[in-house]
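These notes concern the structure reproduced below.
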Amino acid sequence: MSEETGQFLTLQEIVVAARANLAPGPWGYLVGGAETETTVRRNRHALDSIAFRPRVLRDVSTVSAKATFLGRPVRLPVLIAPIGGVESFVASGAAASARAAAQFGVPLMLSSVCQPGLEATAAAADSLRVFQLYVRGDDAWVDDWGHRAREHGYSAFCFTVDSASYSRRERDLVGRFIKPWRANAASGAGFQAALSWDQVKRFKDRHRLPVILKGIATPEDAEIAVRHGVEVVYVSNHGGRQLDHGLGSTAVLPEVLEAVGGRAEVWVDGGFMRGTDVVKAIALGARCVGLGRLACLGLAAAAVPGLVRALELLEEEITVCLRLLGVTSLAELTPAHVAAAPPVFEPSAFSAFPLLGEDLGPKS
Ligand SMILES: Cc1cc2nc3c(=O)[nH]c(=O)nc-3n(C[C@H](O)[C@H](O)[C@H](O)COP(=O)(O)O)c2cc1C
């Protein structure tokens, strides 16, 4: 813990510091979602609709939250999710994400639409890393990214598949927030719209990299993904930033897990802000949880030490939760540790931090 960030005793304090540091444009881009932001709220609703069933008297004097990520040891079952334009939250952009990931010991999934890019981010820190692509070109263009990812130590390749169209982010539109990276990111968007299962198969046949499909939201597509031999089915609705009126990710998770039936890893993201949130997903059967906004908030609060501190606090929350559930490791968690229960707060992007009150609550 650095001296500067040791002052953050709760994740909520990191949220407050991030908000103080960001201008309204980047703040709206960070917290906002598509149109009515119903999907954003449903992500939280799904997590808030799960309660724990703790077991007691089970010697939990030693507890570990360690996990594995594609076979490699990591400190927590989480990854830093891909963030386009992360440089609008922290000057050194994805280099800061990579340094924090390496320092703390969790993997980074690098977005193809952020700075400083695939090669420089790999050079910035030796973090465990995977690469995420928005398809903006033909097969040769995609192959080039595949080769470069492999060459620069990315251990898997992710296609984000929930983005056939860029959505209408109303906070950005109303605030007239011009994203400097959008013009570049939008050129060639027709290739993403035309993306199909055939291209997934083509990539799998051609590249010796595990493939992750990020943005699977139904058991039907999870089944097709597994039939195409993908290594990871990543349940996500892009943090509610793409299709509005979707289901919460964690609500979809059990049926996807059932469809996959252990034939691939299942990861999930969407609304994860707390250690208890992470434990819920792992208890249901997910192998890894993506952190989107929470990671950005850490970076915006205090750059590399801010994200490291956010991860430390998350780890502390996870460890406390495991101990109170009567387990000593993530491997002991089962669906019997959770049960359905009605949420007690109105779900919103920040309903995980009720002490923030109205300021950051329902409005955000
Ligand atoms: C500011 C921002 C930028 C994002 N950019 C990308 C991106 O470039 N590629 C991608 O696959 N997902 C992107 N996402 C979605 C995240 O990877 C992740 O799926 C989502 O944020 C998870 O929800 P959460 O923010 O509630 O944790 C972005 C999310 C945010 C908040």
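The values are calculated or read from the model by the stated rules, or taken from the named source; none is laboratory data. Everything numeric here is computed off the predicted structure, so don't read it as measured data. Ideal geometry is used to build each Cβ from the backbone, glycine not excepted, and the neighbour counts take in all protein chains shown. Note: accessible area is taken over every heavy atom of the protein model, side chains too, but ligands, DNA and RNA are not part of it. Shrake-Rupley method; radii C 1.70, N 1.55, O 1.52, S 1.80 Å.
Looking at (1) in contact with a Gly (Cβ under 8 Å, 6 or more places away or on another chain); (2) more than 26 Å from Ala331 (Cβ to Cβ), which is the only condition Arg55 fails?
Here Arg55 meets the rest and fails (2).
Tally up the residues in segment 85-107 that are in a loop (DSSP other than H, G, I, E, B), buried (at least 22 other Cβ atoms within 10 Å of the Cβ) and within 9 Å of the ligand (Cβ to nearest atom), please.
1
Please count how many residues of segment 203-220 are out of contact with any helix residue (DSSP H, G or I) (no Cβ under 7 Å at 6 or more places or on another chain) and within 16 Å of the ligand (Cβ to nearest atom).
Here the count works out to 2.
A quick yes/no check of all residues on (1) modelled with pLDDT of 95 or more; (2) open to solvent by 10 Å² or more (accessible area, probe 1.4 Å); (3) in contact with a Pro (Cβ under 7 Å, 6 or more places away or on another chain):
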site	(1), (2), (3)
Pro254	yes, yes, no
Glu258	yes, yes, yes
Val268	yes, no, no
Arg274	yes, yes, no
Ala286	yes, no, no
Val289	yes, no, yes
Cys296	yes, no, no
Val304	yes, yes, no
Arg309	yes, yes, no
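Taking the stated definitions as given, is Asp244 acidic (Asp, Glu), in a loop (DSSP other than H, G, I, E, B) and either away from the ligand (no atom under 14 Å from the Cβ) or at pLDDT below 95 (or both)? Give the derivation first.
Values: acidic (Asp, Glu): yes; in a loop (DSSP other than H, G, I, E, B): yes; either away from the ligand (no atom under 14 Å from the Cβ) or at pLDDT below 95 (or both): yes.
Judged against the criteria, Asp244 is a match.
Just one of (1) among the basic types (Lys, Arg); (2) within 14 Å of the ligand (Cβ to nearest atom); (3) surrounded by fewer than 16 Cβ atoms within 10 Å (Cβ to Cβ) trips up Lys179, so point out which.
(3)
Which one of Gly357, Gly262 is away from the ligand (no atom under 16 Å from the Cβ), over 18 Å from Asn237 (Cα atoms) and part of a loop (DSSP other than H, G, I, E, B)?
Numbers: Gly357 fails: part of a loop (DSSP other than H, G, I, E, B).
Every option except Gly262 fails the conditions.
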